[in-house]
Amino acid sequence: MSLHLYNSLTRRIEPFVPIDPACPTMYVCGPQVDNYVHIRNARGPVVFGVLAALLRRRYGGLRYARNITDVDDKINAAARELGTPIATITDKYAAAYREDMAALGVSGDFAPDIEPSATAHIPQMIAMIQRLIDQGHAYAAEDHVLFAVDTFAGYGKLSRRDPEDMIAGARVEVAPYKRNPGDFVLWKPSTDDLPGWESPWSVGRPGWHIECSAMAEAHLGETIDIHAGGVDLQFPHHENEVAQSECAHGGRIFAHWWLHNGMLNFGGSKMAKSVGNIQRVHDLVREHPTEALRYALLSAHYRQPLEWSDALIEQSVRTLDRLYGTLRDLADVEAAAEITPGIEAILEDDLNTPQALAEIARLAAEARRSENAEERTTLKAHLLGAGMALGLLQQTPEAWFARGASNDDDARIQSLVDERNASKLTRDFARADAIRKQLADEGILLEDTPQGVRWKRA
């Protein structure tokens, strides 16, 4: 089966054919590093990381860039309030972002191989802006440079919005130097207390939209295969990227495929600061098993909204308990992970992660029922392989059930379990019950299985 992806530009699922069949290109909008990122900002890196790994397996190579926005009005305001250089803030939160994404399994084949930062690409942004001015698509006014939206006939083709409606519905800055209310900023002046770079127009800083266009061009070329990000970025950010990139490149298409992941909702409402329902990844990875968070983020199709809740996390933990319990019961079976054509076909159908998770559950159920040694070997290999394709089930069962506890604590718990088993054999049921209660008070659950008593942390 060929890879098919839903293209937001055409509103169709289309067969994916990269420009270079040996090395596709993909750009994903990264974080603004003014603080710890929210869990809604983790959905894109996780789901598009699965796509990245799939592309690498299918084509043998991939150039995958995910940017760091390290200059922005919010960052500038925070630096001014604290009296520190912006790098003091951005370096801290960029490092935290990388750490938190790695905790969610966004590493190795699931991670970008290029991570450009905006402040390292100011010359490229200035050069692109100058090209737009020279070609009549941008103009300088009162130390600003603005993109003239009426010079690009295709404006609105990505979001499918009428330009007039876009202007009416957007938070558009009204400014006397604008020729058109919908014209957007490419460059803005800086005051003495704000970061600024020399340019032909003013000591200033770039607008948000030009950053991604310049970084994509610098690392992936004028035309790329895939541009991805959250659906909330479709307008104005991605729409403006299309306009300025295609105008800067003589009308050549900027990205052949546009992929957008749905939003995370919490309690039926969009997760947003204004609502007060934001959950930070930095906190969540310290409160819950990180693999369960990853499982939860993959549990809905990437294009659909995902209802985020404590119940979803808990359900994901219990599901992984069952899967790792199956692998624990297969501990005596030697098998190497094998990603089958079946699991690849599921992912090649527009990255259908819910169906892939269902296939993992099916393989585990069959493995639990099977009594045939050869079949159990095959099923374990396929189970591990399906997990590998999604970045799941790569720990040992012991590590999963330990939930990060020390080996010494594991040994203590096992000793108590063994003592309880011995007490039951000698009919000292009072001692056996006391040990069970002690373990339960510590959050340790006991399970009777055909292989004997197992324990796990709640």
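Of note:
- Residues considered: 255, 296, 243, 214. Of these, the only one that is without any contact (Cβ under 8 Å) to a residue 24 or more places away in the chain and surrounded by 24 or more Cβ atoms within 10 Å (Cβ to Cβ) is 296.
- Single residue of segment 325-357 satisfying the filter (among the small types (Gly, Ala, Ser) and closer than 14 Å to residue 382 by Cβ) that is nearest to the chain's Cα centre (by Cα): 356
- Single residue of segment 71-114 satisfying the filter (outside any loop (DSSP other than H, G, I, E, B) and of a type in the set (Ser, Thr, Tyr)) that is farthest from residue 206 (Cα to Cα): 97
- Candidates 90, 84, 69 - the one that is surrounded by 17 or more Cβ atoms within 10 Å (Cβ to Cβ), in the same structural domain as residue 211 (by TED's automatic domain parsing), over 21 Å from residue 231 (Cβ atoms) and among the β-branched types (Val, Ile, Thr): 90
- Among the conditions (1) more than 18 Å from residue 402 (Cβ to Cβ); (2) charged (D, E, K, R); (3) surrounded by fewer than 16 Cβ atoms within 10 Å (Cβ to Cβ), residue 318 misses just one, which is (1).
- So residue 430, is it within 29 Å of the chain's Cα centre (by Cα) and among the small types (Gly, Ala, Ser): no
- Any hit, segment 394-410, residues being within 28 Å of residue 4 (Cβ to Cβ) and either of a type in the set (A, V, I, L, M, F, W, C) or in a helix (DSSP H, G or I) (or both): no
- Residue match in segment 98-120 (condition: within 27 Å of residue 234 (Cβ to Cβ), without any contact (Cβ under 8 Å) to a residue 12 or more places away in the chain and more than 14 Å from the chain's Cα centre (by Cα)): yes
- Scan of segment 133-160 for residues that are surrounded by fewer than 20 Cβ atoms within 10 Å (Cβ to Cβ), of a type in the set (A, V, I, L, M) and within 19 Å of residue 238 (Cα to Cα), ordered by number: 153
- Enumeration of residues in segment 129-167 that are under 22 Å from residue 197 (Cα atoms), hydrophobic (A, V, I, L, M, F, W, C) and out of contact with any Asp or Glu (no Cβ under 7 Å at 6 or more places or on another chain): 129, 132, 133, 138, 140, 141, 145
- Filter result (closer than 27 Å to residue 4 by Cβ and either out of contact with any Ser or Thr (no Cβ under 7 Å at 6 or more places or on another chain) or of a type in the set (Phe, Trp, Tyr) (or both)) within segment 238-248: 238, 242, 246
- Any chance residue 393 is at pLDDT 95 or above, on the phi > 0 side of the Ramachandran plot and not assigned by TED's automatic domain parsing to the domain that holds residue 48: yes
- Neighbours by Cβ (under 9 Å, 6+ apart or cross-chain): first from segment 396-409, surrounded by 13 or more Cβ atoms within 10 Å (Cβ to Cβ); second aromatic (Phe, Trp, Tyr) and at pLDDT below 95: 401/455
- Only listed residue being among the small types (Gly, Ala, Ser) and either outside any helix (DSSP H, G or I) or buried (at least 18 other Cβ atoms within 10 Å of the Cβ) (or both), chosen from 311, 365, 356, 361: 356
- Cross-chain or 6+ apart pairs with Cβ under 6 Å, segment 55-66 first and closer than 15 Å to residue 348 by Cα, then of a type outside the set (A, V, I, L, M) and in a loop (DSSP other than H, G, I, E, B): 55/24; 59/24
- Hey, residue 103 of a type in the set (A, V, I, L, M, F, W, C), buried (at least 21 other Cβ atoms within 10 Å of the Cβ) and at pLDDT 95 or above or not: no
- Count of segment 25-64 residues which are of a type in the set (Lys, Arg) and in contact with a strand residue (DSSP E or B) (Cβ under 7 Å, 6 or more places away or on another chain): 3
- Look at (1) surrounded by 15 or more Cβ atoms within 10 Å (Cβ to Cβ); (2) modelled with pLDDT of 80 or more and you find that residue 433 fails only one, number (1).
- Exactly one residue out of 260, 282, 288, 256 is farther than 23 Å from residue 37 by Cα and at pLDDT 95 or above: that is 256.
- Scanning segment 27-61 for residues that are of a type in the set (Ser, Thr, Tyr) and in a strand (DSSP E or B) yields one hit, 27.
- Neighbours by Cβ (under 6 Å, 6+ apart or cross-chain): first from segment 1-12, in contact (Cβ under 8 Å) with a residue 12 or more places away in the chain and outside any loop (DSSP other than H, G, I, E, B); second of a type in the set (Phe, Trp, Tyr) and surrounded by 12 or more Cβ atoms within 10 Å (Cβ to Cβ): 5/16; 5/257; 7/257
- Number of positions in segment 77-94 that are of a type in the set (Gly, Ala, Ser) and over 25 Å from the mean Cα position of the chain (by Cα): 4
The values are calculated or read from the model by the stated rules, or taken from the named source; none is laboratory data. Because the structure is predicted, anything quoted here is derived from the model rather than measured. No Cβ is skipped: glycine too gets one built from the backbone with ideal geometry, and neighbour counts run over all protein chains shown.
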